[in-house]
Amino acid sequence: MGEIRKIIHVDMDAFYASVEQLDNPGLRGKPVAVGGSRERGVVAAASYEARRYGVRSAMSSKLAKLKCPGLIFVRPRFDRYKEISQIIRSVFFEYTDLVEPLSLDEAFLDVTYAKKGKPSATLIAKEIRHRIKKETGLTASAGVSFNKFLAKTASDVNKPDGLFVITPVQAQEFIDKLEVRRFFGIGKVTAEKLNKMGIWNGRDLKDISRFELIRLFGKAGNYYYEICRGIDNRQVEPFHERKSVGAEQTFLSDIYSISELEVELLNIADILWARYLRAGVKAKTLTLKFKYSDFEQHTRSKTITGWFSTNEIFVSEAKELLYSHNFAKGIRLLGLTFSNFAEEQIRQPVQLTIEF
């Protein structure tokens, strides 16, 4: 099997909303949503006070206000979020050069060979969380394990302001009990499909053959087969550059009506806009993808001057792409993707062995 890696996943707690509460003491202890409050606004992040009412990122602002009438909307300030994100990343680089940011508020760290020679990845994670709190006033949660899938999953267990460790000895028992809806890489639609098949947790998923999973889910099925066995050989990639941010939906039955497609498009747009805000990137190109019932696939793209800075511009362009095509057959899949980013690059790698 080779050397066991030590991976940490650090995830800031309600990052955008927590920054707003940090900078404005009047917001502390109150339900806060970062995003637009207009009719087609979307929640990019919600404070834990708002989450108690069921407010979540990617939720429409209209629904969020229904769930939490006292919700306070704050416009996002990306320059401020990036400023704090850079402070956090500078802490990471004190311990390892193998840092893979996923967005402004989370990152993977490979500390198999840590710079500071700490005795364990767990102690490094504790120290990093302490340093972040001291230098920014914000809390972070962390997961520690021997691969990215488990480290990412672990960081969610004791949120907020928590730490969870999954050792190689504990891994399979943990995965067997884990609900498939909580598997990193298994979305809501896939989880529902698995549930309908009687697959509720990792143990159930492990009973399905690799061949059957690939038949049902394509190449993603191979990933599902391996992660329910604790196998994830992906490396922490310090040069990883995000090329796109997307969202798509495969429909349970084919859609023939353009008005129905528009409704689905707007739902997908809500999800994508929240992901786009969270990624902290600036996109110039929007692509519409659609797949017919016979699996024939097409795309339509639009590149704008400047970048997609408001939800209103994005939705307008998305609808224009949808209506620019005469759909000849039933549609089984619809998706939207942002690409062509103007975004900073991440740093170089270079790099004693530790225990969990």
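The values are calculated or read from the model by the stated rules, or taken from the named source; none is laboratory data. Quantities reported herein were computed from a predicted structural model and do not represent experimental measurements. Positions of Cβ are backbone-derived with ideal geometry, glycine not excepted, and every protein chain shown enters the neighbour counts.
Consider Leu102 carefully, then state whether it is in contact with a strand residue (DSSP E or B) (Cβ under 9 Å, 6 or more places away or on another chain), hydrophobic (A, V, I, L, M, F, W, C) and buried (at least 18 other Cβ atoms within 10 Å of the Cβ). Here the answer is no, as Leu102 does not meet what is asked. Only one entry of Ser155, Ser85 meets the criterion of being of a type outside the set (A, V, I, L, M, F, W, C) and buried (at least 23 other Cβ atoms within 10 Å of the Cβ), and that entry is Ser155. Against the conditions (1) hydroxyl-bearing (Ser, Thr, Tyr); (2) within 30 Å of Asp97 (Cβ to Cβ); (3) out of contact with any Phe, Trp or Tyr (no Cβ under 9 Å at 6 or more places or on another chain), Tyr276 satisfies every one except (3). Filter the stretch 57-105 down to the residues that are out of contact with any Lys or Arg (no Cβ under 9 Å at 6 or more places or on another chain), in a loop (DSSP other than H, G, I, E, B), within 28 Å of Ile128 (Cβ to Cβ) and not aliphatic (A, V, I, L, M) and list them by number. Within the stretch 57-105, Pro76, Arg77 meet the criteria.
Cβ-Cβ contacts under 6 Å between residues 6 or more apart (or on different chains), taken from a first residue in the stretch 284-297 that is closer than 15 Å to His325 by Cα to a second residue that is small (Gly, Ala, Ser), are listed as Thr287/Ser301; Lys289/Gly335.
All of Arg210, Arg181 fail the test of being closer than 22 Å to Ile271 by Cα and of a type in the set (D, E, K, R), apart from Arg181.
Listed conditions (1) closer than 28 Å to Asn267 by Cα; (2) crowded, with 21+ Cβ neighbours inside 10 Å are all met by Pro76, apart from (2).
Yes or no, residue by residue, for (1) in a helix (DSSP H, G or I); (2) modelled with pLDDT of 95 or more; (3) surrounded by fewer than 18 Cβ atoms within 10 Å (Cβ to Cβ):
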| site | (1), (2), (3) |
| --- | --- |
| Arg181 | yes, no, yes |
| Asp204 | yes, yes, yes |
| Val236 | no, no, no |
| Glu241 | no, no, yes |
| Leu266 | yes, no, yes |
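Could you pull out the residue among Arg77, Arg56, Arg38 that is modelled with pLDDT under 95, assigned by TED's automatic domain parsing to the domain that holds Tyr16 and over 20 Å from the mean Cα position of the chain (by Cα)? First the steps, then the outcome.
On the way: Arg77 fails: over 20 Å from the mean Cα position of the chain (by Cα); Arg56 fails: over 20 Å from the mean Cα position of the chain (by Cα).
Going through Arg77, Arg56, Arg38 in turn, the sole match is Arg38.
You will find that of Val19, Val32, Val43, the residue that is among the β-branched types (Val, Ile, Thr) and at pLDDT below 95 is Val43 and no other.
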